[in-house]
Amino acid sequence: MKTLLSPDLDAQPLLLVDCEARSREALEKNLTRMGIRWHHLTGDEALPPLTPCAVLVELEAFASPLTLSQINLAGIPVIALTSHEGLYQVQRALELGATALLTKPITQRAIYTTLMMAVGLRQQLHDIQQQQMLLRQRLAAMPQITQALAAQMQAESIDEQQAWVRLRSESMCTNQSVAQVAQKWLLRMSSGKRGAQ
């Protein structure tokens, strides 16, 4: 399991979006005691120049869909603040892209736990998206790899296992991906066929 990287709370403030006055007052009091800086936005104001460590949105007062859209596109963790723990609030939080739910009354322990949960889940989501992208690239390269293996097997009169061994060996020796080596093989073989004609 990958270690959770704690957010840099000195360099990255917590962004409070559309928080009601009483909620904001309670949050600011607790965040100050915890040594966490914050910045408050309302009604689709421009994002601050510093990238926040996370964003806390009050569900009942939410009025900044454009801001939240930018935040989600940037991959910043979102925490939904609510006074109720019902199914509707959970569904609404998920619709807004939240990875954690903070319920009132607001305490330091709850803020810290929820913040770490949101950051951790966002990291996991990012890692999964990266893995999916790599798997898609590998899958897209498979037809070319298969074609290169078949051409090598036919040209050298070897079996599939031997062709794979050669492909992997060249990949490791040249420090290139298997797909890159397969592409080189196909180019080499196609230029050899053209030269023979």
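Within the range 33-91, track down each residue that is loosely packed, with under 13 Cβ neighbours inside 10 Å and basic (K, R).
If the condition is that a residue be loosely packed, with under 13 Cβ neighbours inside 10 Å and basic (K, R), then R33 is the only one that fits.
Where in the range 1-114 are there helices (runs of 4 or more DSSP H), lying fully within it, with 3 or more residues that are farther than 25 Å from D127 by Cβ and in contact with a strand residue (DSSP E or B) (Cβ under 7 Å, 6 or more places away or on another chain)?
Because the criterion is at least 3 residues that are farther than 25 Å from D127 by Cβ and in contact with a strand residue (DSSP E or B) (Cβ under 7 Å, 6 or more places away or on another chain), the helices (runs of 4 or more DSSP H) in the range 1-114 that meet it are 21-34.
Restricting attention to the range 77-95, does a residue exist that is touching a residue at least 60 places away in the same chain (Cβ under 8 Å), within 25 Å of Q129 (Cβ to Cβ) and of a type in the set (K, R)?
No: the range 77-95 contains no residue that is touching a residue at least 60 places away in the same chain (Cβ under 8 Å), within 25 Å of Q129 (Cβ to Cβ) and of a type in the set (K, R).
Could you say whether any residue in the range 122-131 is within 35 Å of the chain's Cα centre (by Cα), in a helix (DSSP H, G or I), over 30 Å from V55 (Cβ atoms) and of a type in the set (V, I, T)?
no
Would you be able to tell me the number of residues in the range 163-179 that are among the polar types (S, T, N, Q), surrounded by 14 or more Cβ atoms within 10 Å (Cβ to Cβ) and either in a helix (DSSP H, G or I) or not assigned by TED's automatic domain parsing to the domain that holds Q147 (or both)?
Of all residues in the range 163-179, those among the polar types (S, T, N, Q) come to 169, 171, 174-177.
Restricting the remaining residues to those that are surrounded by 14 or more Cβ atoms within 10 Å (Cβ to Cβ) gives 171, 176-177.
Okay, now just the ones that are also either in a helix (DSSP H, G or I) or not assigned by TED's automatic domain parsing to the domain that holds Q147 (or both), so 171.
Total satisfying the criteria: 1.
Looking at I145, is it closer than 21 Å to V17 by Cβ, modelled with pLDDT of 90 or more and in a helix (DSSP H, G or I)?
Taking the combined requirement at face value, the residue does not satisfy it.
The values are calculated or read from the model by the stated rules, or taken from the named source; none is laboratory data. Everything numeric here is computed off the predicted structure, so don't read it as measured data. Note: ideal-geometry Cβ built from the backbone for every residue, glycine included; neighbour counts use all protein chains shown.
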